[in-house]
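What follows is calculated from the coordinates using simple rules that are stated; it is not laboratory data. As the structure is a computational prediction, the values presented were derived from the model and not from experiment. Positions of Cβ are backbone-derived with ideal geometry, glycine not excepted, and every protein chain shown enters the neighbour counts.
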Amino acid sequence: MRIRLADERREMLVDDIQAFFRDDLDRDLSAFHAEQVLDFFVQHLGAPVYNQAIQDARGFLSDKLDDLEGEVYEPVD
């Protein structure tokens, strides 16, 4: 699966990368280079972060489903 960013989101991230380099690293970064940095991190971190988020969500839902009987069980008289 290839992670695709919406154009608007991509532009915001490129701006954020440029601001980070400028403000925190005292380096100016062109939009082209900021896009390269973004592409690098999406390529190398996108899938592992996505997979971890899926596992976290699965664990959360599993815990909620395991507790469902205790939450909604109505004892029979």
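List the residue pairs whose Cβ atoms are under 7 Å apart, where the first residue sits in region 32-48 and is surrounded by 14 or more Cβ atoms within 10 Å (Cβ to Cβ), the second is of a type in the set (Val, Ile, Thr), and the two are 6 or more positions apart or on different chains. Sorted first by the residue in region 32-48, then by its partner, the pairs are 34/14; 34/17; 35/14; 37/17; 38/14; 38/17; 42/3; 46/3. When restricted to residues that are in contact with a Phe, Trp or Tyr (Cβ under 6 Å, 6 or more places away or on another chain) and exposed (fewer than 12 other Cβ atoms within 10 Å of the Cβ), region 1-31 contains 1.
If you go through region 49-77 and keep only what is of a type in the set (Phe, Trp, Tyr) and either touching a helix residue (DSSP H, G or I) at 6+ places or on another chain (Cβ under 9 Å) or loosely packed, with under 10 Cβ neighbours inside 10 Å (or both), you end up with just 73.
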